[in-house]
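Worksheet for the structure shown next.
Derivation of every value follows stated rules applied to the coordinates shown; laboratory data play no part. Just so it is clear, the structure is predicted and the values come from calculations on it, not from any experiment. Methodologically, a virtual Cβ is constructed for each residue, glycine included, from the backbone with ideal geometry; neighbour enumeration extends over all protein chains shown.
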Amino acid sequence: MTTSPAPDPWLSWSYVQANWGDLTTALEQHVSLTVQAVAIALALALPLAVLVHGHPRWTAVVLGVTGVMYTVPSLALFAMLAPFTGIGRTTVLIGLVAYALLVLVRNVVVGLQGVDPGVVDAARGLGMGRVRTLLTVELPNALPAVVAGLRLATVTTVALVTIGVVVGFGGLGQLMFRGFQSGYRAEVVTATLLTVLVALVADLVLLALGRALTPWQRAVRT
């Protein structure tokens, strides 16, 4: 008697139900890595961009270093970091921050450079110092460019987290890799769809946040 092969669907709700624990754990890990990496990258990018804005001679150095890091293939970067930082979260986090830095630094710099010089001169004419002008005039006016960079960096990071599987900490990438190894298509597709969903939700949240923080942009468009 012959037995029919086990079904190998592209989508399977039974797989989701049977592996709900694994899915939620991987999803939580994926989101956590993304949020931490982008937050750390933004915290580093802001002072670097301010340095470049105030001292243009540093532009080539800062953008050059972040650009070189961005060109290193992700698999190679994680593999190079592993002997020094070990296998796991730290290695993936360092790599993700390195990739997000270039996008964020460039966008913050572009935003600061795009502020109307007349507005800056008016602020200084009112007696504002350099730091106060930066915090109350330049950075608020640069917010649209900063948010645009944040959206791009976040979506990119969501995708790159999956590569962390090479050092055993890839969020939903772990399930993709397991699915590839076993040839179970439903596992690969489910993890992929969840990754896309995370990127989409994150982008929409940042878009809404950007609009809330820049109400004058809506007034200008109107």
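Structure data summary
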{"quantity": "Label-point separation, Leu197 to Met80 (7 Å along Cα→Cβ), nm", "calculated": "3.6"}
{"quantity": "The stretch 163-199 and the stretch 40-99: distance between their alpha carbon centers, rounded to Å", "calculated": "25"}
{"quantity": "Derived scalar couplings ³J(HN,Hα) [the stretch 35-51; Karplus, 6.51 cos²θ - 1.76 cosθ + 1.60; whole Hz; x for Gly, Pro]", "calculated": "4, 5, 5, 5, 5, 5, 4, 5, 5, 7, 5, 4, x, 5, 5, 5, 4"}
{"quantity": "Linear extension gain, Ser182 paired with Leu207, 0.36 nm per residue minus alpha-carbon span", "calculated": "5.2 nm"}
{"quantity": "Packing rank of 84-93, 164-173, 196-205, where each peptide gets the mean count of other beta carbons within 10 Å, highest leading", "calculated": "164-173, 84-93, 196-205"}
{"quantity": "From phi via Karplus (6.51, -1.76, 1.60), per-residue ³J(HN,Hα) for the stretch 170-185 in Hz, x at Gly/Pro", "calculated": "x, x, 5, x, 4, 6, 4, 5, 5, x, 5, 5, 8, x, 8, 5"}
{"quantity": "Selected from Val65, Ala202, Thr24, residue furthest toward positive end of dipole (the chain; charges at beta carbon)", "calculated": "Val65"}
{"quantity": "Phi-based couplings in Hz for the stretch 196-207 (Karplus 6.51, -1.76, 1.60; Gly and Pro marked x)", "calculated": "4, 5, 4, 4, 5, 5, 4, 5, 5, 5, 5, 4"}
{"quantity": "Semi-axes of the equivalent ellipsoid for the chain, Cα gyration tensor, largest first, Å", "calculated": "42, 21, 12"}
{"quantity": "Gaussian network model of the chain, springs between alpha carbon atoms under 10 Å - residue of Gly210, Gly149, Gly129 with greatest fluctuation", "calculated": "Gly129"}
{"quantity": "Net lengthening on full extension, Ala43/Thr59 (0.36 nm per residue, minus Cα-Cα)", "calculated": "4.0 nm"}
